[in-house]
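Only one structure is covered here, and it is reproduced in the block below.
The values are calculated or read from the model by the stated rules, or taken from the named source; none is laboratory data. Since we're looking at a predicted model, the values are computed, not measured. Just so you know, the surface numbers come from the protein's heavy atoms only, side chains and all, with ligands and any DNA or RNA stripped out. Shrake-Rupley method; radii C 1.70, N 1.55, O 1.52, S 1.80 Å.
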Amino acid sequence: LILLIPPSWDLTAKGYLFLYFQVLKAFDYSSPWKGQQQMYKLDIGWPKIPEYFTGQTFCVAVDSLHRLVYVGQRGDNVPKVLVFSEEGYFLYSWNNTVEMPHGIFVLNTATDSSVWITDVGTGKYGHTVKQYSPSGKLMQVLGTPGNAGSSLIPLQFDQPAEVFVEESGDIYIVDGDGGMNNRLLKLS
């Protein structure tokens, strides 16, 4: 939904809320949940400054321990990972070694925290699963950056799509967005 607003419209708090409810009301007729109790409501104030989203947003993970929200986005010359507070304030971003984020996962244990990102890019950083510190420092790379693999070499990925890491350290990776591997791996 793209809403074009003429400059003459009053978008003060009262005018904005009126417009917001009019838009919601216009789409109410097609709601499959009509008549059911609403479980969620849209927080129109999150993020505080949406202009930080300069690329295609693709994945999100929440670090509930540190109250951080990580968002992966794609595009040329855009920060690939944006970090917000749970309240919606932009904190920082990083772009160093991520080409095209696809999946993101936050692991918190009693002794450590880390952010895991799958990179489906086909350039010099792609075909990998990466572990970062919460501040964006690269800690570990699984796969060979820039080289698509096949199932003949178990740790050579072909555009890995998702990652999940258990507190025990076991890692599950869905691999094969590129069409070559089409598999789920467990690393112990």
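Using a probe of 1.4 Å on the protein chains alone, the accessible area found for VAL141 is around 60 Å².
Ranked by solvent-accessible area (1.4 Å probe, protein heavy atoms only, all chains present), the residues GLU87, GLU167 order from largest to smallest as GLU167, GLU87.
Round to a whole angstrom and tell me the spacing of the C-alpha centers of segment 37-71 and segment 106-177. Taking the Cα centre of segment 106-177 as reference, the centre of segment 37-71 is 22 Å away.
Surface listing: MET139, MET100 arranged by accessible area from highest to lowest gives MET139, MET100, probe 1.4 Å. For LEU152, the solvent-accessible surface with a 1.4 Å probe is about 150 Å², rounded to the nearest 10. Shape class for segment 56-187: oblate, because the ratio a/c of the largest to smallest gyration tensor axis (alpha-carbon atoms, square roots of eigenvalues) is 1.5 or more and b/c is at least a/b. Rolling a 1.4 Å probe over the protein heavy atoms gives segment 36-140 an accessible area of 55 Å² per residue.
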